[in-house]
Amino acid sequence: MLIETKGLKKVFKSRGKEVEAVRGVDLAVKEGEVFGLLGPNGAGKTTTMRMLSTLIEPTEGEATVCGHDLARDAAGVRRDIGYVGQAGGTWGEVTAREELVMQGRLYGMSKKRAQARAADVLESFQLSEYADRNVKTYSGGQKRRLDIALGIMHEPKLLFLDEPTTGLDPQSRAHMWDEVRALRDRGTAIFLTTHYLDEADALCDRLAIIDHGEIVAEGTPLALKKEVAGDVVAVGVTDRAAEARDLFDAKDFVREVEAGEPDPATGVAVLRLYVDDGAAALPELLRTLDGASISPASIELHRPSLDDVFLKQTGRSLREEK
């Protein structure tokens, strides 16, 4: 395992009070995989990553990263990892080539080796065309690619990516996904944080969902979605929601009903019904509402998503938390 943690905690003091940002996280990350930490803003994702990358010290717990004890050998951890924060680390007044060579030199490379490695990395990230322009002239997507290039300049075993696509346009975001997959294919393990459901689903071999500093689910995206078996039918009603829920609960083919709070703007409350066959269930559900003279404001059928996993574990939608 490249990462193993047991009971990792972080407590911050704020205005005389203690705030538990991370509450006893246990994780295991394998070599050569993309592991994602998915959760809403403020859930503890970045704090967990900053502890594992030695930027802040855990309050409690233990961890090994790339075979190094986090508490006893922080320098060993730093030698074997790359870290790309949300804000990035590029300097606008120099060129990408100069930044990359400097990064290589900081990790002990000879000038010749650093120059050769920089040329390889620039080509891999499709930055060769802009390599000798000042970074301040780059687009947001180009700067983000350079951030990651800097993170892998010294060929780390493990790369930490904190919210790698936040603020990028759709095209740059898609390109970043390609870069992450290419790094994994070349053998680099990646630990990334994200609050984007589609990003976690598309990129991660395995992931953990974190909420209020605690891991609430862990596994492959497919396995997590299979835990929410069957289909999900979301029925929106503007009134008599409790009555509609009781009617649905009485149906043998409805395994579970979860009721959300009414939307303050529209007054629509959404009932989420877990059924084995949504297409077959829809006509019967509509007949049930019609028989009780309840008019649905909306009705949707979809396969379980990671948002359904989050909702089932926490009672809230991750989309709403964003």
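The values are calculated or read from the model by the stated rules, or taken from the named source; none is laboratory data. This one's a predicted model, so the numbers in the text were calculated from it and none came from an experiment. No Cβ is skipped: glycine too gets one built from the backbone with ideal geometry, and neighbour counts run over all protein chains shown. Accessible surface is based on the protein model in full, side chains and every heavy atom, while ligands, DNA and RNA are left aside. Shrake-Rupley method; radii C 1.70, N 1.55, O 1.52, S 1.80 Å.
Report whether or not Lys136 is farther than 30 Å from Ser317 by Cβ, in contact with a helix residue (DSSP H, G or I) (Cβ under 7 Å, 6 or more places away or on another chain) and open to solvent by 50 Å² or more (accessible area, probe 1.4 Å). So Lys136 fails the test.
Residues of segment 117-128 that are in contact with a helix residue (DSSP H, G or I) (Cβ under 9 Å, 6 or more places away or on another chain) and either over 20 Å from His154 (Cα atoms) or surrounded by fewer than 18 Cβ atoms within 10 Å (Cβ to Cβ) (or both): Ala119, Ser124, Gln126, Ser128.
The set of residues in segment 144-160 that are in contact with a Lys or Arg (Cβ under 9 Å, 6 or more places away or on another chain) and open to solvent by 20 Å² or more (accessible area, probe 1.4 Å) comprises His154, Glu155.
The residue of segment 281-296 that is farthest from Arg316 (Cα to Cα), among those that are out of contact with any helix residue (DSSP H, G or I) (no Cβ under 8 Å at 6 or more places or on another chain) and in contact (Cβ under 8 Å) with a residue 12 or more places away in the chain, is Glu284. Note on segment 210-245: among residues that are more than 30 Å from Val22 (Cβ to Cβ), aliphatic (A, V, I, L, M) and not in a strand (DSSP E or B), the one that is most open to solvent (accessible area, probe 1.4 Å) is Ala242. For segment 27-42, check the following and say yes or no: at least one residue is in the same structural domain as Gly67 (by the TED database) and free of Cβ contacts under 8 Å to residues at least 12 places away in the same chain. Scanning segment 27-42 turns up at least one residue that is in the same structural domain as Gly67 (by the TED database) and free of Cβ contacts under 8 Å to residues at least 12 places away in the same chain.
Scanning segment 289-319 for residues that are of a type in the set (S, T, N, Q) and open to solvent by less than 20 Å² (accessible area, probe 1.4 Å) yields a single hit, Ser317. Scanning segment 1-59 for residues that are closer than 16 Å to Ile209 by Cβ and among the charged types (D, E, K, R), we see that the one that is nearest to the chain's Cα centre (by Cα) is Lys45. In segment 161-178, what count of residues is obtained for those that are out of contact with any Gly (no Cβ under 6 Å at 6 or more places or on another chain), closer than 21 Å to Gly36 by Cβ, open to solvent by 10 Å² or more (accessible area, probe 1.4 Å) and part of a helix (DSSP H, G or I)? Qualifying residue count, segment 161-178: 6.
Considering segment 246-271, and only residues there that are open to solvent by less than 40 Å² (accessible area, probe 1.4 Å) and not in a loop (DSSP other than H, G, I, E, B), the residue that is nearest to Leu301 (Cα to Cα) turns out to be Leu271. Within segment 242-265, the set of residues being under 30 Å from the mean Cα position of the chain (by Cα) and of a type in the set (Val, Ile, Thr) comprises just one member, Val257.
Candidates in segment 193-209 are the residues that are in contact with a helix residue (DSSP H, G or I) (Cβ under 7 Å, 6 or more places away or on another chain) and of a type in the set (A, V, I, L, M, F, W, C); of these, the one that is surrounded by the fewest Cβ atoms within 10 Å (Cβ to Cβ) is Ala202.
Cβ contacts < 6 Å: first residue within 23 Å of His212 (Cβ to Cβ), restricted to segment 298-317; second residue acidic (Asp, Glu) and open to solvent by 10 Å² or more (accessible area, probe 1.4 Å), any location; separation 6+ or different chain. Result? Pairs that qualify, where the first residue is within 23 Å of His212 (Cβ to Cβ) and the partner is acidic (Asp, Glu) and open to solvent by 10 Å² or more (accessible area, probe 1.4 Å), are Leu306/Asp201; Thr314/Asp211.
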